[in-house]
Each structure stands twice: as structure tokens, then as C-alpha cells.
Amino acid sequence: MKHSTDSDVKTIKCILASFMGCWALQKISGITVRNPLTVVFFVLLLYLSIIQDKQRALGNWISVALSATTTLLFRNRITAAFDNRLFQILSLAIVFVGLCCVFYICFGFPITIIRGEKRTNAGREIQKLFLNTKPAFGGTRAVLIIAAICFLFWLPYFLYEYPGIMTADSLVQYAQFAGDEPVSNHHPIIHTLLIKLFHDIAMGITGNPQIGIACYTLFQMIFMAVCCGILICHIRSRKLQIIALLFYALVPFNAVFMVTVWKDIICAGLTMLLLCCVIDLRQRQELSIRLWVHFVILSILFSLFRSNAWYAFLAWVPFLLIAVRKNIKRAVCSVAIIILVVVALKGPVMTSAGVAQPDLVESLSVPVQQIARMMVDDRKLDEEDLKLIEEVIDTTYIRELYAADFADNIKELVRAGHPEKIEENKFEYFKLWFRINAENPGTSVRAWYDLNGGYINPDVSIKVGEIDGIMNNEFGLFWDPKIGGKLVVKGKEIALKLGDFVPLYGMLWSIGTYTWLLIIATGVCIYKKRPILGKVLLLFQVGTLLIAAPVVDFRYGYGIVMTMPLWLLYNWGKETEYATAD
């Protein structure tokens, strides 16, 4: 046992040394903390450090001397990003310590090889850290305890952002049930009605809309905390469960999103519950019909809370039926109920209730952006094609309004023109789009990449969680923080900025990171012949973002982010210690 503990301690030291070395190389090379090269640096250093033995004292002194010299030579580059003297000194200290680790590791590896003292497999040493020594947490009590921990860590953000963060989208939904905007399913009506429920209850009791928004925000926090508890109890290693809990409770963008009035947050929670339900269906197909009822309800809600979730679900259905073919009758009945209910609600029910559906233009972000880019880049267009375009849009303003990474400007220009032309001649305009892109493939790909490339490139910089309060509005809603002061404001600012300062950790702030982790995890599961059903659903969600998203926005893929501990860590647990929530 002592040998195993000593080995674990050495592995942890190697991880810390490799991380510091990675940080130093990132700062010297000038790449961002989200650049995939940081992962390469870390993995290479970790491999070299784990398989070698302790060096002689001379190696330590040589490493220190070389680190001091290198830090001195690159001091201007290292401190260029900071005006504050304290941060400059901190940055130099990080690089010096990191380079000591780099030189120590790099000198030690060839010496170890020459001596023939190479240690065991590096991957096995890391895996040993996560071997279960105790049963994984499971059951209702564990779910509630985990939920309470998450809620308590999110609570300061609620008090600071009281009654909750409301952006333009949130206020549009508020305006709909306040009667100032026509009711629409552009922002899911089911979410709008959920906000209205808490608003109306509070107005009936207190007459204060602020309390209504606060009640909704608290509900969202509690719901998401319970979702975190259920998901964590589906991970089969106690150590990995603790890592997942730290991710949910301590990564600050999670706390910011939990107090933001967006449909994306509840949809992420439903995605978490749906994937847990899928695991239960795969593991316990002999159970009663109750589990299938849960699956039907979650799938309907999942499909209603985001339009792209509905399309992803439809594409996923064949994979679901194949995966649960041992229970094919219940599966087919469940899928039929889900599709019929969602189609009925989105169709005749909403139509009779006067709820408008999103227009066709809303789903044309990529095509209109690509055609606009052709004109902005002065690509040669046939007169007939140009005539078709001008029948829909006033091309005078395209150059002025076009933004490579934001499609809403061009979409609004289309809406201000004659979008009915596209509605009435869908096939004609599809041929136009196909023809123009085929003639200018390079421009077409660049237009798509500039708009949605961040979903596959981790090194695309996007703001995550940098929102506060309630936007100016005419409804009397306002930001009313219950805690504040310089310490609170500065603490929140530093917590959010660490994502731009710390390598590896910073990659958690990029939606492209989660896309590649999901792809790699799926590939590993296919290679090892493990189930991939839940991952396939998430991959279809990523696909819908790649072909239709109007901008790269972290919250659009938040369901993938919040389920990451499950699909990434689930297969690391021991099969014999499977645990699930009640």
C-alpha cells in the first residue's frame, strides 16, 4: 500500500511540474492558453517526467541556471501583457518555475534512458490515480448533498446579480408575456411560460416583478443543482465524481450561467437528465415501464426547449432504436409518442394559441452569410443570380452591415427586404446558393469558418460569462445586488479572467475544446467497443450548430459542456462499481 501511495504522490508531482512547464512554454511562445499546442506541451512533459527517476543534484542546479537565463532573455515578452508591476513579477516567477521543471524533465529523460532505469507505462501510472478505493456515491441522499454543495457555491453569484442576469433575449421573452411583443416560439414558448409562471405567482403575492425574476432564478439554480447531483451519481468512480463536482461548483462561468435567464440553461439540464436516462436504459433494459415514461417526458422537453435539439433528436432516433433493439416495442412506442406530441405542440396547438413559429430566415444564417461574403469579396456573379439576390435584399447595405462572425445583421437585412421570395421559391434559391458556392468554394468555406469555426477550433476567442445585471428596459426591472464592494467585484473579475491566463484550464472556456473532446471520446469508445448512444446525440447537436448557428456562442453548446463529466469520465470507472441515482 505504501508503494502505491508513493507512486501516486510522484505522479501528482509530475502532473504539477508538467503543468508549470506547459505554462512557461505557453508564455514564452506567445500562444494563447486555448491553443491546442498547450495540450501537446503538457502531455509530452508529463510522459517524459513520469517514466524517469530522480536526478542528481547537479541536474537541479543546471536547470535553475538555464531557467534564470532564459527568463531574463524573454522578460519583455513575458511581461508585455501586463501593466501592473505585481502581475509582471508573478508572470516572471511562473515562467522561471515552469522552465526549471522543463529543463529538469528534459535533462532527466536521456539520463534515465542511458541508465536503463525507465519506469513503467505512463498511462498506467495516471490511471492508477483514479482506481476506486471506495464505492462511488449514489442514491437520493448523495444527489441532494451534491446539489446542495453546487447551490451554495452558486449562491454568492445570485446575491451579486440579484434578481438574475437578463440580456436582450431575456427581455424579449418578458415582453411577450407582458403583452408588449407578439408571442413567438423563436425563444421557446415553454420557457417563456415558465418565467411567466414564477413572475405571476410573485406578482400575485407581492406585486413586485423583481421577486418574480428572483424566484425563477432560484428555481433554475435548484433544478440545475439537482441535475448535477444526478449526473455525478452516474459516474462510477468516487475520485472522478469529486473532479466533476469541482467542475460544476468552482468553474465560474457555470455560476454566472446558473443565474442568467436563458433557455439554454434549462435545456442543458434536460440534456444532462436525458443522457443519464439513456445510460439507465442501456444498463437496465429489464426495468419497468417507468423508465421509458421518464425517457418520453425528458425527450419531449428536450425537443421543445431548443429548435436544434429537436432536429438532433430526429437524426438520433435510428441510433436509439438500434441500441435498445432488445426492447424494440417499447422503444418504437416511446419514439412515436415523442414525435407525435412535439409535432402536435409545434403545429396545431401553437397555431391555435396564436404562437408564431420562427421564420425561414432564422435557419438560413450560414447560406445568407456565404452569399453576402461573395458580394463583399467582389466575387463574380452571373446577372441572373444577382437579379435573384436583389429580388430579396437591398444589396446597397451589404458591405456596411456584413460582419464575418455575426449573421444577424444580414438576416435582418433579408427580413427588411422580401423574404417571401425565398419562401415561395425555395428550390430556386437553393440552386442559387449551391451554384454560387460551387463556383467559389474557397470563399464559401471561409465565410462558414469565420461564422461558425469556433465550434471546432478551441483557439477562437469568445467572451464567456462576462455579463452582469439587467439591460435597460421599460418594465421596471433593474440590477439590485445584495452583496458588493471592491472585494466582491474584483474577485469575480479575477475568477473570470483566469480563463484567459491559465493554460489547460483556459481551454474549458472554449466550446471548440468540448467538440474535440467529444469526438475523441466517441472514437475511443468505438475502438474499445463501448456504447456511444449519448455521445451520438451530442454530436448531432454540434452538427446543427455548425450548419445553422448565427454566431459562435458558448451558451448554444452549453448542454455539451454540462454533460462533459459524464461522457468523458463515465468509462474510466470500474464496471463493478456502477452506481446511479434513484
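Scanning region 452-461 for residues that are surrounded by fewer than 19 Cβ atoms within 10 Å (Cβ to Cβ) and either in a helix (DSSP H, G or I) or at positive phi (or both) turns up just one, Gly453. Counting residues in region 509-518 that are more than 15 Å from Leu250 (Cα to Cα), touching a Phe, Trp or Tyr at 6+ places or on another chain (Cβ under 7 Å) and of a type outside the set (A, V, I, L, M, F, W, C) gives one or more. When Lys490, Lys535 are screened for being in a helix (DSSP H, G or I), in contact with a Leu (Cβ under 7 Å, 6 or more places away or on another chain) and without any contact (Cβ under 8 Å) to a residue 60 or more places away in the chain, only Lys535 passes.
Scan region 441-451 and give yes if some residue there is within 28 Å of Val542 (Cβ to Cβ), assigned to a helix (DSSP H, G or I), outside the structural domain of Phe158 (by TED's automatic domain parsing) and among the charged types (D, E, K, R), otherwise no.
yes
Whether any residue in region 345-355 is surrounded by 17 or more Cβ atoms within 10 Å (Cβ to Cβ), hydrophobic (A, V, I, L, M, F, W, C) and closer than 27 Å to Trp433 by Cβ is what I want to check. No; the residues of region 345-355 include none that is surrounded by 17 or more Cβ atoms within 10 Å (Cβ to Cβ), hydrophobic (A, V, I, L, M, F, W, C) and closer than 27 Å to Trp433 by Cβ. Only a single item in (1) surrounded by fewer than 19 Cβ atoms within 10 Å (Cβ to Cβ); (2) part of a loop (DSSP other than H, G, I, E, B); (3) touching a helix residue (DSSP H, G or I) at 6+ places or on another chain (Cβ under 9 Å) is not met by Pro550, and it is number (1). Please state which one of Lys482, Lys535, Lys528, Lys486 is buried (at least 18 other Cβ atoms within 10 Å of the Cβ), out of contact with any Pro (no Cβ under 7 Å at 6 or more places or on another chain), more than 30 Å from Ile28 (Cβ to Cβ) and not acidic (Asp, Glu). Exactly one residue qualifies, and that residue is Lys535.
State yes or no: is Ala315 at pLDDT 90 or above, surrounded by fewer than 20 Cβ atoms within 10 Å (Cβ to Cβ), among the aliphatic types (A, V, I, L, M) and not assigned by TED's automatic domain parsing to the domain that holds Trp433?
Against the criterion (at pLDDT 90 or above, surrounded by fewer than 20 Cβ atoms within 10 Å (Cβ to Cβ), among the aliphatic types (A, V, I, L, M) and not assigned by TED's automatic domain parsing to the domain that holds Trp433), Ala315 qualifies.
For the criterion of being among the polar types (S, T, N, Q) and either surrounded by 14 or more Cβ atoms within 10 Å (Cβ to Cβ) or over 23 Å from Val561 (Cβ atoms) (or both), Ser444 passes.
With Ala549, Ala579 as the choices, which residue is in contact with a His (Cβ under 8 Å, 6 or more places away or on another chain) and modelled with pLDDT under 95?
The unique qualifying residue is Ala579.
Per the listing Ser29, Ser7, Ser18, the residue uniquely surrounded by 13 or more Cβ atoms within 10 Å (Cβ to Cβ) and at pLDDT below 90 is Ser7.
The values are calculated or read from the model by the stated rules, or taken from the named source; none is laboratory data. Predicted model, so just to flag it, every value in this text is computed and none were measured. Neighbour counts run over all protein chains shown; Cβ positions are idealised from the backbone, glycine included.
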